[in-house]
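The values are calculated or read from the model by the stated rules, or taken from the named source; none is laboratory data. Values in this document were obtained by computation on a predicted structure and should not be read as measured data. Ideal geometry is used to build each Cβ from the backbone, glycine not excepted, and the neighbour counts take in all protein chains shown. Heavy atoms of the whole protein, side chains included, go into the accessibility calculation; ligands, DNA and RNA do not. Shrake-Rupley method; radii C 1.70, N 1.55, O 1.52, S 1.80 Å.
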Amino acid sequence: MTSRRRISAVTPLRECPESNVGLALVLPISDRLDALVSLAETSGSRTNRKELLASLILAAPTDGEELAEAVRSYRRSSAGQARLDGEDGGSSLTVAPRRPGPRPRRRLDR
């Protein structure tokens, strides 16, 4: 068992100790996460999957009913609804194969 750590309340989150989370995402959500990272980077904010997920968790509502509704919405959603382009994908979706490890960064020409 690990001991609890004290962290100053003014410490920037990016400098806080990390805790591993065992996480596997369904492929359409994983593809959506990659697309969201690309959107953020296109807007000039260099980021990655881990940082984007952390920022979404920080921005999540703190009302239990709102959180429960978000979970219910996820459970009712289809693979096609995970797409960012608004298309439902017809009868099937094609998901890109992914290798483990960091995603390659797209070069942003300015």
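Could you list, in sequence order, the residues of the range 46-69 that are farther than 21 Å from Cys16 by Cα and either among the small types (Gly, Ala, Ser) or at pLDDT below 95 (or both)?
To start, the set of residues in the range 46-69 that are farther than 21 Å from Cys16 by Cα comprises 61-69.
Listed by number, the residues that qualify are Gly64, Ala68.
Test of understanding: among Arg72, Arg76, which residue is among the charged types (D, E, K, R), modelled with pLDDT of 95 or more and open to solvent by less than 100 Å² (accessible area, probe 1.4 Å)?
Arg72
Considering only residues that are outside any loop (DSSP other than H, G, I, E, B), under 19 Å from Ile57 (Cβ atoms), open to solvent by less than 100 Å² (accessible area, probe 1.4 Å) and not acidic (Asp, Glu), which ones fall in the range 1-38?
In the first step, residues of the range 1-38 are kept if they are outside any loop (DSSP other than H, G, I, E, B); the result is 13-15, 27-38.
From what is left, the residues that are under 19 Å from Ile57 (Cβ atoms) are 13-15, 29-30, 32-37.
Going one step further and asking which of them are open to solvent by less than 100 Å² (accessible area, probe 1.4 Å), we end up with 29-30, 32-37.
Scanning the range 1-38 gives Ile29, Ser30, Arg32, Leu33, Ala35, Leu36, Val37.
Tally time: how many residues in the range 39-48 are assigned to a loop (DSSP other than H, G, I, E, B) and open to solvent by 70 Å² or more (accessible area, probe 1.4 Å)? Break it down into steps so the answer makes sense when it comes.
Filtering the range 39-48 down to residues assigned to a loop (DSSP other than H, G, I, E, B) leaves 43-48.
Applying the additional criterion that residues be open to solvent by 70 Å² or more (accessible area, probe 1.4 Å) yields 43, 46.
Residues meeting the conditions: 2.
Of all residues in the range 49-61, how many are surrounded by fewer than 14 Cβ atoms within 10 Å (Cβ to Cβ) and either on the phi > 0 side of the Ramachandran plot or touching a residue at least 12 places away in the same chain (Cβ under 8 Å) (or both)?
Count: 1.
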